[in-house]
Amino acid sequence: MKRILVLTLVAAVVLGFASMSFAGQNKGMKTSKASMSHLKMVGEVTSIDAASKSFTVKEAVKTGEAKEITFMLGEHAKVMVQSKAGTINDLKAGDSVTVRYIEKDGKNIAEECHVAKAAA
């Protein structure tokens, strides 16, 4: 009887440590996924390279300096031109856009590009 009680106690302790270890692994996975959070940029398209599926957007910052970022269009990216589905071929220099993107391997990957106001 004493032996069964000891074995049960040992099993409970082992399971407790195993579940704590598993919980720690899941927490680490959530942290790495959070590092790929979506970023957003609003600005004006300055150049488009449809062949390489990339485009550059200039954002005016509060200090008055312009910041330019080049985006690669993601594999499943959506391009919307005035609320209608489009492609990178529909982007024009001077378009006012909002880009949702992630930074991955040192590159800015656009997942959504919405053209709010087409170039005149």
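The values are calculated or read from the model by the stated rules, or taken from the named source; none is laboratory data. Because the structure is a prediction, the values reported are computed rather than measured. FYI the Cβ positions are ideal-geometry reconstructions off the backbone, even for glycines, and counts take in every protein chain you see. Surface accessibility is based on the protein's heavy atoms, side chains included, excluding ligands, DNA and RNA. Shrake-Rupley method; radii C 1.70, N 1.55, O 1.52, S 1.80 Å.
Has region 24-44 got at least one residue that is surrounded by 13 or more Cβ atoms within 10 Å (Cβ to Cβ), at pLDDT 85 or above, in a strand (DSSP E or B) and not hydrophobic (A, V, I, L, M, F, W, C)? For region 24-44, residues surrounded by 13 or more Cβ atoms within 10 Å (Cβ to Cβ), at pLDDT 85 or above, in a strand (DSSP E or B) and not hydrophobic (A, V, I, L, M, F, W, C): present. Listed by position, the strands (runs of 3 or more DSSP E) contained in region 45-90 that have at least 1 residues being among the β-branched types (Val, Ile, Thr) are 54-60, 66-81. Of the residues in region 83-100, none is at pLDDT 90 or above, surrounded by fewer than 17 Cβ atoms within 10 Å (Cβ to Cβ), touching a Phe, Trp or Tyr at 6+ places or on another chain (Cβ under 8 Å) and over 12 Å from residue 42 (Cα atoms). Within region 76-95, residues that are closer than 12 Å to residue 117 by Cα and in contact (Cβ under 8 Å) with a residue 40 or more places away in the chain sit with their Cβ atoms under 7 Å from residues that are in a loop (DSSP other than H, G, I, E, B) and open to solvent by less than 70 Å² (accessible area, probe 1.4 Å), at 6+ positions apart or across chains, in these pairs: 92/118; 92/119; 93/119; 94/119; 95/118; 95/119.
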